[in-house]
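So the structure is just underneath, and the comments pick up after that.
Rule-based calculations on the coordinates, nothing more; no lab input. For clarity, every value in this text was computed on a predicted model and none was experimentally measured. Note: ideal-geometry Cβ built from the backbone for every residue, glycine included; neighbour counts use all protein chains shown.
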Amino acid sequence: MKAKICIVVANYYPEISKKLLAGTSTVFKNKNLKNFKIIYSPGIFEIPVIISKNINHYDAFVALGCVIKGKTPHFTFISKATTNAIMHLSITYKKPIGNGIITCLNKKQALNRSNPRRKNKGGEAAKAILSVLGM
């Protein structure tokens with residue numbers, strides 16, 4: 001099966017997003033998957049809108065990005081709203097959307113969770129959608 005996949009990358013923390021994307025790309029390369037497109041987003045909150053605009057053009061999506069907790073509840077609201085919107089799109093359109101958005105307490109933790117040499121959340125999200133697609 002050849003699947004068209006879209007990776008939506010929030011570039012608010014470019015150093016972290018780049019590593020998450022490397023993890024996703026490695027999984028796709030190992031599966032010899034070349035039919036994917038990358039779309040960049042300013043932040044994670046915009047990811048569901050980008051997916052929604054492109055939902056009919058792809059078989060699956062991978063959402064990548066990072067939210068780091070600050071001193072206000074903004075972290076919680078943005079993370080929850082984005083996760084709920086991604087799940088809603090996935091269920092409504094019956095398309096897998098791998099959630100590779102990491103929520104961290106600090107930048108050190110974010111760099112650790114995005115490290116392509118470790119258990120990279122971008123790679124995990126890629127593996128999840130491939131599994132659902134039966135690839």
Check your understanding: Considering only residues of segment 57-78 that are touching a residue at least 24 places away in the same chain (Cβ under 8 Å) and either basic (Lys, Arg) or not in a strand (DSSP E or B) (or both), which is surrounded by the fewest Cβ atoms within 10 Å (Cβ to Cβ)?
Key -> HIS57
Study note, to complete from the structure: Counting only residues that are touching a residue at least 60 places away in the same chain (Cβ under 8 Å), touching a helix residue (DSSP H, G or I) at 6+ places or on another chain (Cβ under 7 Å) and crowded, with 16+ Cβ neighbours inside 10 Å, segment 27-38 contains a total of 2
Check your understanding: Taking ALA81, is it in contact with a Pro (Cβ under 8 Å, 6 or more places away or on another chain) and touching a residue at least 24 places away in the same chain (Cβ under 8 Å)?
Key -> no
Practice item. Take segment 89-135 and flag every residue that is without any contact (Cβ under 8 Å) to a residue 40 or more places away in the chain, closer than 30 Å to ASN56 by Cβ and in a helix (DSSP H, G or I). Key: SER90, ILE91, THR92, TYR93, ALA128, SER131
Practice item. Please tell me if GLY23 is buried (at least 17 other Cβ atoms within 10 Å of the Cβ) and either under 16 Å from ALA10 (Cβ atoms) or β-branched (Val, Ile, Thr) (or both). Key: yes
